[in-house]
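Have a look at the structure below, then the notes.
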Amino acid sequence: MIPLFKNSVSCSIRVSFRNRVLRQLSDTTRKSIASKIQEAPVVLFMKGTPEIPQCGFSRAAVQILGLQGVDPAKLKTHDVLENRELREGIKEFSKWPTIPHVYVNQEFIGGCDILVSMHQSGELETLLEKAGVLVPEYQPDEYAGPAQSS
């Protein structure tokens, strides 16, 4: 008879130890992430790039931010697949287990599921408007056109 309980306890101790080791965020990584969050009013940590997302959730986050009208000049993205330390570190920094991560004005908003929910409820639009990160709407009355020479 094989003592299954003994093996499962041993296995769970190894997993627990491994998770603790992986969850220790270095000061260097913490400072790097804090700096990245300050690079723009909207910061997206994603898998891939906006042009070539590498997962459906990252693609959805990019699409939602686009649908909301976030000004590309006010959006900074970081591909977590390029840097394992960033990929694991952002999860610990935000205390959120999955990618993508969205920050608005240095405040963690959430991942894809939260973004979708906020988009559907209208809460995201309100948040982004208050943050001043949307592309200004075209106002035809305010635009006089090119200067005309006499």
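All of the numbers you see were taken from the coordinates with simple rules; none came from a lab. Keep in mind the model is a prediction, meaning the values are calculated, not measured. Cβ sites come from the backbone with ideal geometry, for glycine too, and all protein chains shown count toward neighbours.
Annotations
- Proxy reagent accessibility, fewest Cβ within 10 Å first, across 46, 118: 118, 46
- With the highest mean first, a sort of the peptides 75-87, 58-70 on other beta-carbon atoms found within 10 angstrom per residue produces 58-70, 75-87.
- Per residue, the convex hull spanned by the alpha carbons of the stretch 40-135 comes to 86 Å³.
- Cross-link reach list, lysines versus residue 36, counting only Cα pairs under 25 Å and skipping chain neighbours closer than eight places: 47, 74, 76, 91, 95, 130
- Within straight-line reach of residue 31, meaning a Cα separation under 20 Å, sit the following aspartates and glutamates at least 8 residues removed in sequence or on another chain: 39, 79, 82, 85, 88, 92, 107.
- Sequence-separation-based contact order of the stretch 40-135, relative, with Cα cut under 8 Å and 6+ spacing, percent: 38
- HN-Hα J in Hz across the stretch 59-75 - Karplus 6.51, -1.76, 1.60, θ = phi - 60°, x for Gly and Pro: 4, 4, 4, 4, 5, 5, 4, x, 4, 6, x, 5, 5, x, 6, 10, 10
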